[in-house]
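A.B. asks: Structure incoming, see below.
The values are calculated or read from the model by the stated rules, or taken from the named source; none is laboratory data. What you see is a predicted model; the values in this text were computed from it and never measured. A quick note on method: Cβ atoms are made from the backbone with ideal geometry, for glycine too, and the neighbour counts reach across all protein chains shown.
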Amino acid sequence: MSHEHEGRIRVGVTIGDVNGIGPEVIIKTFSDSRMLQVCTPVIYGSGKVISFYRKLMNNQEFNYNTIRTITEQIPRKLNLINCWEEEIKVEPGTPSVQAGASALTALKDAVTDLAAGNIDVLVTGPVDKNSIKPEGIVFTGHTEFIGRAFNVPDPLMFLVSGSLRVALVTGHVPVTQVAPLITKERIHAKLAMMIASLKRDFNIRKPRIAVLGLNPHAGDGGLLGKEELEIIQPAVKEAFDKGQMVFGPYSSDGFFGAGLHQKFDAVLAMYHDQGLIPFKTLAFENGVNFTAGLPIVRTSPDHGTAYDLAGKGTANETSLRESIYLALDIYQNRLTYNEVTEKPLAFSKMQGDR
């Protein structure tokens, strides 16, 4: 099967937790028929669940084509694969182990098709980590699960909204475990992933990156912590001395408070909340979570299951729509990047002839 299905990139979308807002934002997003002009979407989930929410929302514009396997997908149609046959009690706003199990089933099916090249990109709906209890592993999030599936044990969580891009040195780990994980090796690894992604995925030739400190006031010269002096600052200098446009460490509050993020292509934060609080404050309804450093393209909305909104029809679908758009852009940018790197002279001549 070709990488593009009759000219349209094939987008897999997992339903997420059936009791969260995932099904509703999917319905709202694809009620706009213009989405079918830019991609061939495939929902991994359940027609019965989607029908439940469609009726609840009294949505007449949303229609889909049920298929048994991915090979039956139809271009210019919204396709849906039933990932489970058993009845699931849908209770909007209520966490359940059954909802968690079905979310994991949909994710596994989508990842299998992505690995086989049957879809081109993956957009994942929000899940409740506490409801997902697979045998043999602890489910800490999509990022880690998909990283394992594609043999990248420590991929990069990249939050994106337009020119605002925030990546994390440490992701889903308790705060008590953050400081020991801040090492020069880890910072260099994350910077390498960031730089490669900014060039390949975002078409930025010479990316400028700001690195945040770990401690208040970036350690205040060692008064409030030694990590900046002993680890972060040397790592930044080593990267800069190798010709990379990497600067810092900056004090996080002052950095975002003064709007310095606007002068950089991306920001590397040391831990989850340090990066996500300013990001979601600046871009709450249209932010996208992108997993960089993988051989495949995976994005997701930057919100969770939002149980308090589930079933009310009021959830905002902007983040899911932006997740789809970003996945499409990154997929196209990678195709272009691969062409340029494989045939640089031919591409250079082509550009010169224009």
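A.B. asks: Say whether the condition of being under 23 Å from Leu282 (Cβ atoms) and not in a strand (DSSP E or B) is met by at least one residue in segment 148-157. Please lay out each step first, then the result.
C.D. replies: First pass over segment 148-157, keeping only residues under 23 Å from Leu282 (Cβ atoms): 156-157.
Checking the rest, the ones that are also not in a strand (DSSP E or B) come to none.
Among the residues of segment 148-157, not one is under 23 Å from Leu282 (Cβ atoms) and not in a strand (DSSP E or B), which makes the answer no.
A.B. asks: Another question, if that's okay. Given the conditions (1) within 23 Å of Arg148 (Cα to Cα); (2) touching a helix residue (DSSP H, G or I) at 6+ places or on another chain (Cβ under 6 Å); (3) of a type in the set (S, T, N, Q), and given that Asn289 satisfies all but one, which numbered condition is not satisfied?
C.D. replies: The failed condition is (2).
A.B. asks: Cβ-Cβ distance below 9 Å, separation of 6 or more or different chains: which pairs start in segment 83-95 with a residue that is more than 12 Å from Gly47 (Cα to Cα) and end on one that is of a type in the set (Lys, Arg)?
C.D. replies: Short answer, once both residue conditions are applied: Val90/Lys48; Pro92/Lys312; Gly93/Lys312.
A.B. asks: Check Thr143, Thr183 and return the single one that is buried (at least 18 other Cβ atoms within 10 Å of the Cβ) and hydroxyl-bearing (Ser, Thr, Tyr). Even if it seems obvious, please write down each step before you answer.
C.D. replies: Details: Thr183 fails: buried (at least 18 other Cβ atoms within 10 Å of the Cβ).
Going through Thr143, Thr183 in turn, the sole match is Thr143.
A.B. asks: Residues in segment 72-101 that are in a loop (DSSP other than H, G, I, E, B), at pLDDT 95 or above and of a type in the set (Val, Ile, Thr): how many?
C.D. replies: Looking only at that region, the number is 2.
A.B. asks: Being outside any helix (DSSP H, G or I), polar (S, T, N, Q) and not assigned by TED's automatic domain parsing to the domain that holds Asn333 narrows it down to one residue among Thr170, Thr176; which is it?
C.D. replies: Numbers: Thr176 fails: outside any helix (DSSP H, G or I).
Criteria check complete, one pass: Thr170.
A.B. asks: Taking segment 182-230 as the region of interest, how many residues are out of contact with any Phe, Trp or Tyr (no Cβ under 8 Å at 6 or more places or on another chain) and farther than 18 Å from Val267 by Cβ? Don't jump to the end; show me each part of the working.
C.D. replies: Pass one, segment 182-230, residues out of contact with any Phe, Trp or Tyr (no Cβ under 8 Å at 6 or more places or on another chain): 182-193, 195-196, 198, 202, 204-207, 215-217, 219-230.
Then drop every residue that is not farther than 18 Å from Val267 by Cβ, which leaves 183-185, 205, 220-226, 229-230.
Residues meeting the conditions: 13.
A.B. asks: OK, next. Could you check, for segment 54-61, whether at least one of its residues is surrounded by 14 or more Cβ atoms within 10 Å (Cβ to Cβ), part of a helix (DSSP H, G or I) and modelled with pLDDT under 95?
C.D. replies: Let us first name the residues in segment 54-61 that are surrounded by 14 or more Cβ atoms within 10 Å (Cβ to Cβ), namely 54, 56-57, 59.
Checking the rest, the ones that are also part of a helix (DSSP H, G or I) come to 54, 56-57.
Checking the rest, the ones that are also modelled with pLDDT under 95 come to none.
No: zero hits.
A.B. asks: Then there's this: Starting from segment 12-32, keep only residues that are outside any helix (DSSP H, G or I), then list their pairs with residues that are aromatic (Phe, Trp, Tyr) and surrounded by 24 or more Cβ atoms within 10 Å (Cβ to Cβ) whose Cβ atoms are within a distance under 8 Å, requiring at least 6 positions of separation or different chains.
C.D. replies: These pairs meet every condition: Gly12/Tyr44; Val13/Tyr44; Thr14/Tyr44; Ile15/Tyr44.
A.B. asks: Look through Val127, Val160, Val138 and report the one residue that is within 18 Å of Gly293 (Cβ to Cβ) and not acidic (Asp, Glu). If you could, list the steps in order and put the result at the bottom.
C.D. replies: Numbers: Val127 fails: within 18 Å of Gly293 (Cβ to Cβ); Val138 fails: within 18 Å of Gly293 (Cβ to Cβ).
Val160 is the lone residue from the list that is within 18 Å of Gly293 (Cβ to Cβ) and not acidic (Asp, Glu).
A.B. asks: Kindly indicate which of Ala116, Ala179 is within 21 Å of Val13 (Cβ to Cβ) and either more than 15 Å from the chain's Cα centre (by Cα) or of a type outside the set (Asp, Glu) (or both). Full working, then the answer.
C.D. replies: Values: Ala179 fails: within 21 Å of Val13 (Cβ to Cβ).
Going through Ala116, Ala179 in turn, just one is within 21 Å of Val13 (Cβ to Cβ) and either more than 15 Å from the chain's Cα centre (by Cα) or of a type outside the set (Asp, Glu) (or both): Ala116.
For every residue, the table says whether it meets (1) of a type in the set (D, E, K, R); (2) surrounded by 15 or more Cβ atoms within 10 Å (Cβ to Cβ); (3) within 20 Å of Arg208 (Cα to Cα).
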| position | (1), (2), (3) |
| --- | --- |
| Glu228 | yes, yes, yes |
| Val246 | no, yes, yes |
| Pro249 | no, yes, yes |
| Met270 | no, yes, yes |
| Leu309 | no, yes, no |
| Asn316 | no, yes, no |
| Leu320 | no, yes, no |
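A.B. asks: Please go through segment 269-311 and pick out each residue that is basic (Lys, Arg) and modelled with pLDDT of 95 or more. Outline the logic, then answer.
C.D. replies: Kept after step one, since they are basic (Lys, Arg), are these residues of segment 269-311: 280, 298.
Listed by number, the list holds a single entry, Arg298.
A.B. asks: Please verify whether Thr29 is at pLDDT 95 or above and out of contact with any Cys (no Cβ under 8 Å at 6 or more places or on another chain), treating the condition exactly as stated. Even if it seems obvious, please write down each step before you answer.
C.D. replies: Details: at pLDDT 95 or above: yes; out of contact with any Cys (no Cβ under 8 Å at 6 or more places or on another chain): yes.
So Thr29 fits the description; yes.
A.B. asks: Quick check on segment 33-53: of everything there that is farther than 19 Å from Glu85 by Cα and not in a helix (DSSP H, G or I), which residue is modelled with the lowest pLDDT?
C.D. replies: Taking segment 33-53 first, the residues farther than 19 Å from Glu85 by Cα are 33-41.
This time we only want the ones that are not in a helix (DSSP H, G or I), so: 38-41.
Details: Val38: 92, Cys39: 95, Thr40: 95, Pro41: 97.
Checking each candidate, the answer is Val38.
A.B. asks: Additional query: Being touching a strand residue (DSSP E or B) at 6+ places or on another chain (Cβ under 8 Å) and surrounded by fewer than 21 Cβ atoms within 10 Å (Cβ to Cβ) is the filter here; which residues of segment 203-226 pass it?
C.D. replies: Of everything in segment 203-226, those that are touching a strand residue (DSSP E or B) at 6+ places or on another chain (Cβ under 8 Å) and surrounded by fewer than 21 Cβ atoms within 10 Å (Cβ to Cβ) turn out to be Lys206, Pro207, Arg208.
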